[in-house]
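Trainee: One structure, pasted below without further comment.
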Amino acid sequence: MATMTYLQAISDGLRTEMRADERVFVMGEDIGVFGGAFKVTDGFLDEFGPTRVMDTPLAESGIVGTAVGAAVAGLRPVCEMQFADFVSCGFDQLVNVAGKLYYRQGLPVNVTVRLPSGGGFGGGPFHSQNPEAWFMHAPGLKVVAPSTPEDAKGLLIASIRDRNPVLYMEHKHLYRRIKGEVPEGAYETPFRARVAREGTDLTVLAYGAMVHVALEATEDLDGASVEVVDLRSLKPLDEEAILASVRKTSKALVVDEANRTCAAGAEVAALIAERAFEDLDGPVRRVATPDVPIPFSPPLEAAVLPSVERVREAARELLEY
Amino acid sequence: MPQMGVSAAEGTLAEWRKQPGDWVAYEETICLISTDKIDTDVPSPAAGRVAELVVPEGETVEVGAVLARIATDARPGEPHASERVVAPRRYSPVVARMAAEHGIDLERVAGTGRDGRVRKQDIVALLAREQETAQDAPSPAPVEQGESEEPPLHIESPYRADDPAPVVASTEGLSRMRRAIGEHMKRSQETAATVTTWIEVDFSRVETVRRRLGMTALPLVARATIESLAIFGSLNATWDGDTFVRHDAVHMGIAVSLGEDGLIVPIIRDSQDLSAEGLAKRIKDLARRARKGELTPDDVRDGTFTITNPGQFGSVMATPIIHQPQVGILDIEAVVKRPVVVTGPDGEDVIAIRPICILGLSWDHRALDGAQAASFLAELKQRLESLV
């Protein structure tokens, strides 16, 4: 196994699947000649040529719409949104077209949309958002969010092979910061949750960059045994894994980098309240970003994003409850 | 005493849920009334404080009788007689559940959570301590130490006094349901001139059809029974006092075992209007409600014929007791593969393996004679062996 960054693992997964399957091609803004804003597709144009690595105009609606058409025709397009924030321009094609074609006409839409998301690096209000909940709410779309290089590759391959439209949330703040062992060749990571650390006193549920925050915050909490569950798939949610962990620990803390209201974490909290009620020994707590745009100012951004300190404080309160 | 079901004239006060001095809310259960084998919650007709219980537990009174008096001018909010004045502690769902499972009195548990909250850990720790105590409990004291212990006959003798034999008899006595079953059964034996007639039926067709329809044999036998009863009406009848009444509608009773608690016979009203599939659905529903104790008094009244089905446990023959005031009960026994002589394609006798079931009919010789009973069984056999 090779050690890769989260970014290299995404690149590796995409390249592996393009080599294995001629139907897979990539589209996006500046992904060809320039190799992508974050260099995920660096070198792809040389290897796969301009028919499979396509630079597009600045038009997300066009990118997604073209991809939907190509998928209906039997191809497996992978679209890159330069920043997840820009996906709002392609919203109609995703929510009203991609998500509904199978229900309306029985046509599978084998599209993967890569969304570089999340904040924590001074990107400001247009380059730091976590828009996953918009799409969790829309029937017909799947949403996944890897937190490790190994899962980044495996979930991308699984997304490309999944016959539904999948929104693949790749966290920018993990790109070059997180390294890990990545198996060689093609493999699929299931759309199921993963126990990142086992524990017995409290369950912290998180995804994407927040998995690392949760792990760091609960590493040493006066000897408390804290379980951290990495959701990996947000739609569908791995309900049984979530419930099994909460039933064991009886306390749940949901950490969510997205704005708090109606976020993925809210859905997880509702699930626990609904189906693990008899096992709860305390309120289901959430730590999330308040309902404000992500500030450009680094101190302000640090104040709104869930930090190690805030998660630790909430975990402590729940443990003592 | 409220009217329980359409035709009950009286009921037995099974249990008071409130005592004098207790506050009772409007429609809160105040007592349980037992009619036949069914216990029904009685909701309070008004909110107030229970002033007097007129009818003691166990007494049977007529519909309309005064059961209790409720003082409706009492003020809510005053503590109940059964309430404590101390502010109640609140417990999380998991703590409440574990306490219930292990029979823990939470009032006695010291909490280590915020503001003395009892946490899951406290219950886990308490259970662990209890288990330890149980394990550390001194084993029966060595004989030399206790003067009250019986000394050995000889110092090296292996003799030790036996532990007293466990007492088997239960102090609870028989349940209300057991008593009711006993009374009904004895009364039937004393009343009816019961005869049991058996017939062997080849269940090949029944097995084929029931597999196709995905059901047990019971609804198919029930359907064929209902059709046969239409021809032999003297079996679909009841004794009303000294009068013998034939019924057009078949209100079919199905005996449902409740395990050790006893059995109950819920009724499928107008079962002649239902297909085998419809019967299957109703039987399932009645059995489920019977086992959950959700039957209403009307669910067990007015039966005109009964089917009992103990064959599911493997027995091959029985002499069922007629459910009074009916005159017939059909008993379905186990379906067993047996070698039987059948007619071959060329009219010769051959031995074949066939699923055979013995159907038993207990009938009341006061109402009909052996010829009718046997003809009914023959009709039923013919229908079951030619099912399509």
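Here, each number is a calculation from the coordinates, and none is a lab measurement. Worth saying up front: this structure is predicted, and the values here are computed from it rather than measured. Heads up, the Cβs are rebuilt from the backbone with ideal geometry, glycines too, and the neighbour counts pull from every protein chain shown.
Trainee: For region A:1-121, what is the relative contact order in percent, using Cα pairs closer than 8 Å and at least 6 residues apart in sequence?
Mentor: Once normalised by length, the contact order is 24 percent.
Trainee: Can you tell me the relative contact order of chain B? Whole percent, Cα pairs under 8 Å, sequence separation 6 or more.
Mentor: Taking the mean separation of contacting Cα pairs over the length of chain B, I get 15 percent.
Trainee: Also, quick follow-up: Which FRET efficiency value, to the nearest 0.05, is calculated for B:A134 and B:K284 with the Förster distance at 35 angstrom and r the Cβ-Cβ distance?
Mentor: It comes to 0.20.
Trainee: Below 15 angstrom from the Cβ of A:Y187, what's the summed charge of the other residues (Lys, Arg +1; Asp, Glu -1)?
Mentor: -2
Trainee: Could you work out how far apart the two model spin labels at B:E52 and B:R178 are, taking each label as a point 7 Å from the Cα in the direction of the beta carbon, and quote it in nm?
Mentor: About 3.7 nm, to one decimal.
Trainee: Please label the shape of the protein assembly as shown as rounded, prolate or oblate, based on the square roots a ≥ b ≥ c of the eigenvalues of the alpha-carbon gyration tensor (a/c under 1.5 means rounded; beyond that, a/b larger than b/c means prolate, else oblate).
Mentor: It is prolate, given that a/c is not under 1.5 and a/b is the larger ratio.
Trainee: With the radius of gyration and the Kirkwood radius both derived from the Cα set of chain B, what is their ratio Rg to Rh?
Mentor: With Rg and the Kirkwood Rh in hand, the quotient comes to 1.12.
Trainee: By per-residue mean of other Cβ atoms within 10 Å, what is the highest-first order of A:152-164, A:15-27, B:282-294?
Mentor: Packing proxy ranking, top to bottom: A:152-164, A:15-27, B:282-294.
Trainee: Then there is this: So, with +1 on the Cβ of K and R and -1 on the Cβ of D and E, and no other charges, what is the size of the charge dipole of region B:202-338 about its Cα centre, to the nearest 20 debye?
Mentor: Magnitude of the dipole: close to 720 debye.
Trainee: For labels at B:Q3 and A:T3 in the simple 7 Å Cα→Cβ model, what's the distance in nm?
Mentor: Distance between label points: 8.6 nm.
Trainee: How many nm is it between the label spots at B:H247 and B:E15, if each spot is 7 Å from the Cα in line with the beta carbon?
Mentor: 3.1 nm
Trainee: Another one. Between A:F126 and A:A59, what is the FRET efficiency for a Förster distance of 25 Å, r being their Cβ-Cβ separation, to the nearest 0.05?
Mentor: FRET efficiency, A:F126 to A:A59: 0.90.
Trainee: Additional query: Using a ≥ b ≥ c from the Cα gyration tensor of region A:121-269 (square roots of the eigenvalues), is it rounded, prolate or oblate, where a/c under 1.5 gives rounded and otherwise the larger of a/b and b/c decides, a/b for prolate?
Mentor: Since a/c stays below 1.5, the shape of region A:121-269 is classed as rounded.
Trainee: With runs of 4+ DSSP H residues as the only contributors, calculate the mean residue ellipticity of the protein assembly as shown at 222 nm using -39,500 (n - 2.57) per run, divided by the residue total and rounded to the nearest 500.
Mentor: It lands at -9000 deg cm²/dmol.
Trainee: Quick check on region B:218-377: what does the Kirkwood estimate of hydrodynamic radius come out to from the alpha carbon pairs, in Å?
Mentor: Across region B:218-377, the inverse of the average 1/r is 16.8 Å.
Trainee: I've got another one for you. Using the Cα gyration tensor of region B:275-315, with a ≥ b ≥ c the square roots of its eigenvalues, what is the shape: rounded (a/c below 1.5), prolate (a/b larger than b/c) or oblate (neither)?
Mentor: Here region B:275-315 falls in the rounded category.
Trainee: Counting only the backbone N, which residues of region A:116-153 are under 19 Å from the spot 7 Å out from the Cα of A:E47 toward its beta-carbon?
Mentor: Output list for this probe position: A:149-153.
Trainee: Additional query: What is the list of residues in region A:114-128 whose amide nitrogen lies under 13 Å from a point 7 angstrom out from the Cα of A:R310, following Cα to Cβ?
Mentor: Counting backbone N atoms under 13 Å from the label point, the list is A:119-120.
Trainee: Here's a follow-up. What relative contact order, as a whole-number percentage, does region B:255-349 give when Cα pairs under 8 Å and 6 or more residues apart are counted?
Mentor: The normalised contact order for region B:255-349 reaches 23 percent.
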